[in-house]
Amino acid sequence: MPAHHPVIPAELPRQNVLTWLRSRYFATRRDAAVTIVFAAFVAWILWSLIGWALLDATFAPNAGEVCREDLHGGACWSVVSTRWRIVLFGLYPFEEQWRSAIACIVMVIVAVLSCLPWFWSAKRLPLLWTAGFAIFYVLMRGGFFGLAEVTEQNWGGLSLTIFIFAAVSLLGMPLAIVFALLRRSSLPWIARTMALVIDVIRSLPLLSIMFTFAIVLPFVLPEGLTGDKLYRVIVGYALFFACYQAEIIRGGMQALPAGQEEAAKALGLGYWHRIGYIILPQAFRNALPPTINQFVITFKETSLVTIIGFFDVMASGRAASGTADWNFAVVEMYVFVGLIFFVFVFSLSRYGAYLERRLGVGRR
Amino acid sequence: MTEPAIRIASMHKYYGSFHALKDINLEIAKGEKVVICGPSGSGKSTLIRCINRLEEHHSGVIEVNGTPLDDNVDNIDEIRREAGMVFQNFNLFPHMTVLENCTLAPVLARKIDRGAAEETAMRYLARVKIPEQAHKYPGELSGGQQQRVAIARALCMAPEIMLFDEPTSALDPEMISEVLDVMVGLAEEGMTMVCVTHEMGFARQVADRVIFMAEGQIIEQAPPDQFFDNPQNERTRTFLSQIVGH
Ligand SMILES: Nc1ncnc2c1ncn2[C@@H]1O[C@H](COP(=O)(O)OP(=O)(O)O)[C@@H](O)[C@H]1O
Ligand SMILES: [Mg+2]
């Protein structure tokens with residue numbers, strides 16, 4: 001057992017706060033002037049924001065009338081406290097919304113669990129996500145275990161956004177790995193075809209791909225192969241995701257020294273063992289920052305599905321503040337939706353930063 | 001007469017239009033220790049890498065323990081399991097601990113259960129004198145320790161032949177002997193060894209035969225005493241004087 005080294009905090013020379021402030025922000029007359037002007041400006045903005053968002057705001061539900069007559073002009077969070085269910089669950093039947101809530105919580109738990117290093121193996125991670133996704137689907141869709149059936153047309157809000165994001169990731173990631181492997185196939189015609197496919201799809205706007213899959217595909221494919229519009233959009237989106245992610249993975253592979261694969265070959269490891277235990281784990285480590293980035297973008301761009309007529313969290317927010325009695329509170333609703341996105345995306349990128357630090361230690 | 005461990009006949013290898021190995025004929029008996037030397041770029045690495053198909057030869061025959069190296073993937077995997085290789089740059093897997101490095105291939109390619117594989121691995125790690133490093137990552141070890149792990153990793157597959165490609169060239173001078181000691185021990189136990197190295201002391205001590213290569217050809221081969229004390233070929237003499245020179 002290695003001895004435990006107590007963590008000794010580095011002893012910083014005790015510096016007077018005033019000296020520090022002076023040397024950094026008030027060193028010269030001009031510095032001082034700039035500092036004062038900026039500080040005043042920031043303080044003013046902060047004060048107005050706090051006033052609007054908190055001090056003068058109306059929080060109580062069903063207080064639309066109060067908001068309208070409010071002379072201070074504070075935020076009307078009443079729109080959120082009255083209509084938040086639409087934002088989270090869309091048109092999902094009111095009595096069944098607890099299912100939607102639990103489903104979302106399950107997916108969030110899955111996301112949190114997959115942050116634990118214990119789950120980082122080629123077997124556990126896919127298993128965790130598939131299981132979580134299955135629970136999510138059964139809860140949302142129902143029709144089993146005495147749960148009333150709720151078809152995809154009635155899904156909406158945050159739960160739809162999470163569903164699309166999870167489905168795209170779950171479908172897109174294995175596809176990306178396959179694409180990346182084909183892209184570096186030793187057979188030139190396979191590698192070149194794959195490169196062409198990836199480049200073509202990457203050069204198309206996501207929106208046009210979604211349109212193609214949602215609206216054009218039913219005319220092309222035979223009846224019975226088309227599936228629900230939602231799933232067509234998800235497949236199209238997953239394809240788009242896979243093409244970007246495949247290039248990210250390939251970049252991670254190229255950063256590996258050739259000796260890694262040679263050593264694995266020399267030990268008699270077959271192709272899939274080399275890929276699964278030597279190449280991919282290291283490629284993903286190398287490609288972690290752009291991979292997290294890709295997830296962030298994918299989460300944010302789920303809101304494009306509104307254009308094809310789905311009520312994701314963005315569209316639901318707009319609908320929630322779109323009625324005649326709430327249309328003055330559009331800004332508050334967007335702030336709320338923005339906050340939801342922020343919570344998800346910010347935690348994702350903080351987690352990415354943590355991973356980078358963690359993997360950078362002792363393992364390279 | 002038993003079959004040789006390695007038999008190479010009329011073997012040629014090209015990189016594009018560059019003729020890297022020219023008409024190589026070589027037989028290595030079971031238990032024999034062969035040292036290959038020669039100037040940089042003479043094809044030593046290419047030759048040794050052809051033996052386990054890290055490079056593909058273009059014509060001629062290579063047989064390892066009687067199994068021919070051809071496009072039969074099963075033969076290739078079989079030969080790779082029989083011939084362990086140690087590289088100049090160690091090529092340990094940086095994302096796995098030392099112990100995981102040593103057990104991965106036995107578990108996956110030899111289907112040995114994990115407990116037994118770990119036991120074997122600890123035995124070999126003890127033999128290369130670093131059992132206490134088993135749970136560290138390669139990045140935490142010195143070069144000499146890493147190379148000893150690489151040797152242990154290869155031995156865990158219980159190979160009949162060991163191929164070394166300049167195993168001490170990337171090491172700081174003070175670490176060379178700890179690796180050579182392990183290799184000498186291996187030789188004394190009767191392992192068949194093919195070793196590209198310029199460590200002439202090692203060659204004198206353990207080699208049955210020293211082979212000199214230049215420009216993709218085997219120029220001269222002889223037992224070490226004869227090779228070092230009475231080289232026949234002019235190029236061998238020049239080469240030896242250069243090595244001894246520094
Ligand atoms: N992958 C390769 N592609 C093209 N040429 C190569 C490749 N590997 C080696 N060579 C060339 O083959 C010759 C022999 O190389 P190598 O076997 O590495 O020499 P040595 O190990 O004796 O220094 C050198 O001229 C080298 O430039
Ligand atoms: Mg070489």
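State, as an integer percentage, the relative contact order of chain A based on alpha-carbon contacts under 8 Å between residues 6 or more apart. Answer for chain A is 18 percent. Looking at region B:150-202, which GluC sites (Glu not before Pro) are in a loop (DSSP not H, G, I, E or B) and have at most 10 other Cβ atoms within 10 Å? Counting only loop positions with at most 10 other Cβ atoms within 10 Å, the GluC sites (Glu not before Pro) in region B:150-202 are B:Glu189.
Counting only aspartates and glutamates at least 8 places from B:Lys129 when in the same chain, those with an alpha carbon closer than 13 Å to its own are B:Glu178, B:Asp181. Once the Cα atoms are used to define both axes, helix B:143-155 deviates from the longest principal axis of chain B by about 90 degrees. Around the amide H of B:Ala214, modelled in the peptide plane, lie the amide H atoms of B:Ile219, all under 5 Å away and 5 or more residues distant in sequence or on another chain. Distance from the Cα centroid of region B:151-199 to that of region B:30-54 is 13 Å (rounded to whole angstrom). I need the shape label for chain A. Rule: rounded when a/c is under 1.5, else prolate if a/b > b/c, else oblate, with a, b, c from the alpha carbon gyration tensor. In terms of gyration-tensor shape, oblate. Here the accessible area of region B:1-144 is 48 percent carbon and sulfur, with a 1.4 angstrom probe and all protein chains present. Take every pair of alpha-carbon atoms less than 8 Å apart whose residues are at least six positions apart; their mean separation over the length of region A:120-199 yields a relative contact order of 16 percent. Computed with every protein chain present, the accessible area of B:Asp165 is close to 20 Å² [probe 1.4 Å]. Full extension of the chain between A:Cys115 and A:Trp47 yields a length gain of 20.7 nm, computed as 0.36 nm times the residue separation minus the alpha carbon distance.
Of the residues B:Gly115, A:Ile102, A:Ser321, the one whose Cα sits farthest towards the positive end of the charge dipole of the protein assembly as shown is A:Ser321 (charges of +1 on Lys and Arg Cβ, -1 on Asp and Glu Cβ, taken about the Cα centre). Which shape class, rounded, prolate or oblate, goes with region A:207-364 when its Cα gyration tensor gives a ≥ b ≥ c as root eigenvalues, a/c under 1.5 marks rounded, and past that a/b bigger than b/c marks prolate? Since a/c reaches 1.5 but b/c is at least a/b, the shape of region A:207-364 is classed as oblate. Among B:His19, B:His58, the sequence by solvent-accessible area, most first, with a 1.4 Å probe is B:His58, B:His19. Relative contact order, whole percent, for chain B stands at 26, derived from Cα pairs under 8 Å and 6 or more residues apart. Compared with the dominant Cα axis of chain B, that is its longest principal axis, helix B:173-188 is turned about 90°.
For B:Arg209, nonlocal amide neighbours, meaning residues 5 or more places apart or on other chains whose placed amide H falls under 5 Å from its own, are B:Lys33, B:Val35. In this structure A:Ser186 has an accessible area near 110 Å², from a 1.4 Å probe over the protein heavy atoms.
For B:Met85, the residues 5 or more places off, or on other chains, whose built amide H falls under 5 Å of its own are B:Leu163.
With 30 Å² as the minimum drop in accessible area between chain alone and full protein complex (1.4 Å probe), the qualifying residues in region B:86-104 are B:Phe87, B:Asn91, B:Phe93, B:Pro94, B:His95, B:Leu104.
Accessible surface for B:Lys111 stands near 150 Å², nearest 10, in the context of the full protein assembly shown (1.4 Å probe). If you sort A:Asp312, A:Asp325, B:Asp71 by accessible surface, 1.4 Å probe, largest first, the order is B:Asp71, A:Asp325, A:Asp312. For region B:102-246, the dipole from Cβ point charges (+1 on Lys and Arg, -1 on Asp and Glu) about the Cα centre works out to 420 debye, to the nearest 20.
Specify whether the C-alpha gyration tensor of chain B places it in the rounded, prolate or oblate class, a ≥ b ≥ c being the square roots of the eigenvalues: rounded for a/c under 1.5, otherwise prolate if a/b is larger than b/c and oblate if not. It is oblate, given that a/c is not under 1.5 and a/b is not larger than b/c.
For the pair region A:22-54 and region A:164-223, the centres of their Cα atoms are 50 angstrom apart. Estimated from helices alone, the mean residue ellipticity of the protein assembly as shown at 222 nm is -17000 deg cm²/dmol (sum of -39500 (n - 2.57) over DSSP H runs with n ≥ 4, per residue).
All distinct Cα pairs of region A:155-236 go into the 1/r average, and the inverse of that average, the Kirkwood radius, is 14.4 Å.
Listed by chain and number, the aspartates and glutamates placed with their C-alpha closer than 15 angstrom to that of B:Lys136 are B:Glu100, B:Glu118; residues fewer than eight positions away on the same chain are left out.
Normalised Debye scattering of the protein assembly as shown at q = 0.07, 0.10, 0.12 Å⁻¹ gives log10 I(q)/I(0) of -0.66, -1.00, -1.20, counting only Cα atoms as equal scatterers and leaving out solvent.
When A:Leu304, A:Leu204, B:Leu125 are compared by accessible area at a 1.4 angstrom probe, the order from most to least is A:Leu204, A:Leu304, B:Leu125.
The values are calculated or read from the model by the stated rules, or taken from the named source; none is laboratory data. All values reported here derive from a predicted model rather than from experimental measurement. Positions of Cβ are generated from backbone atoms using ideal geometry, with glycine treated the same way; all protein chains shown enter the neighbour counts. Quick note on the areas: whole protein, heavy atoms, side chains included, nothing else; ligands and nucleic acids left out. Shrake-Rupley method; radii C 1.70, N 1.55, O 1.52, S 1.80 Å.
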